[in-house]
Amino acid sequence: MGTTFVKKSEIERGWFVVDAEGQVLGRLASQVARILTGKEKPTYAPFLDTGDHVIVINAEKVRLTGAKERDKTYYHHSGYPGGIRRSPAGYVRARQPERLVEAAVRGMLPKNRLGRAQFRKLKVYAGSEHPHQAQQPQPLSPDTRVVSSAGTPDADKRA
């Protein structure tokens, strides 16, 4: 008797939309990362990309607790020697609010090609509009869990 795994052709991907308005960044990112990796599905395998697509709207209204707006630092490198750049979270939010959510979710995904494939299924928008209406995304609230294999949200509340 062997363990059966879902084939790549059998993976059903759903689309979910998450409103980030008023949600704490880390808690939002962990929920989104679980959906992107497929950990909420019964077909989950750590070496397969079984996750769903996630659209995050209102990224500019995500909440940072404590003094993170001032003290949290984001780094990027220009590619030249000595080209490290530091930016506080408040500056990043003012210029590119999507980067706050993207960086938080990216840090919670695997650091390999599987994680990069999962990250490509994340779409983040600063405002409340997104161009993915044709995919008919299901709304996802912070206390809703995704448990069905078809990718539809189940109304079970977290315990």
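The table that follows gives values for the structure above.
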| read-out | value |
| --- | --- |
| Charge context of Ser78, other residues only, Cβ under 14 angstrom, K/R +1, D/E -1 | +2 |
| Three-way shape call for region 1-112 based on the alpha-carbon gyration tensor, with the a/c threshold at 1.5 | prolate |
| Selection of trypsin sites (Lys or Arg not before Pro), region 1-73, meeting DSSP coil and at most 15 other Cβ within 10 Å | Lys7, Arg13, Lys39 |
| Of Lys39/Lys121; Lys7/Lys111; Lys7/Lys39; Lys8/Lys121, those spanning more than 18 Å from alpha-carbon to alpha-carbon | Lys7/Lys111 |
| Dipole of region 1-156, positive end: most advanced residue of Pro110, Ile35, His77 [Cβ charges, Cα centre] | His77 |
| Degrees separating the helix 25-37 axis from the principal Cα axis of the chain, which is the longest one | 40 |
| Rounded accessible area per residue of the chain, 1.4 Å, Å² | 61 |
| About the Cα centre, charge dipole magnitude for the chain (Lys/Arg +1, Asp/Glu -1 at Cβ), debye | 680 |
| Summed residue charge, Cβ within 12 Å of Arg116's Cβ, Lys/Arg positive, Asp/Glu negative | +4 |
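The values are calculated or read from the model by the stated rules, or taken from the named source; none is laboratory data. Because the structure is predicted, anything quoted here is derived from the model rather than measured. Using ideal geometry, Cβ is built from the backbone for each residue, glycine included, and neighbour counts are taken over all protein chains shown. Accessible surface areas use protein heavy atoms only, side chains included; no ligands, DNA or RNA. Shrake-Rupley method; radii C 1.70, N 1.55, O 1.52, S 1.80 Å.
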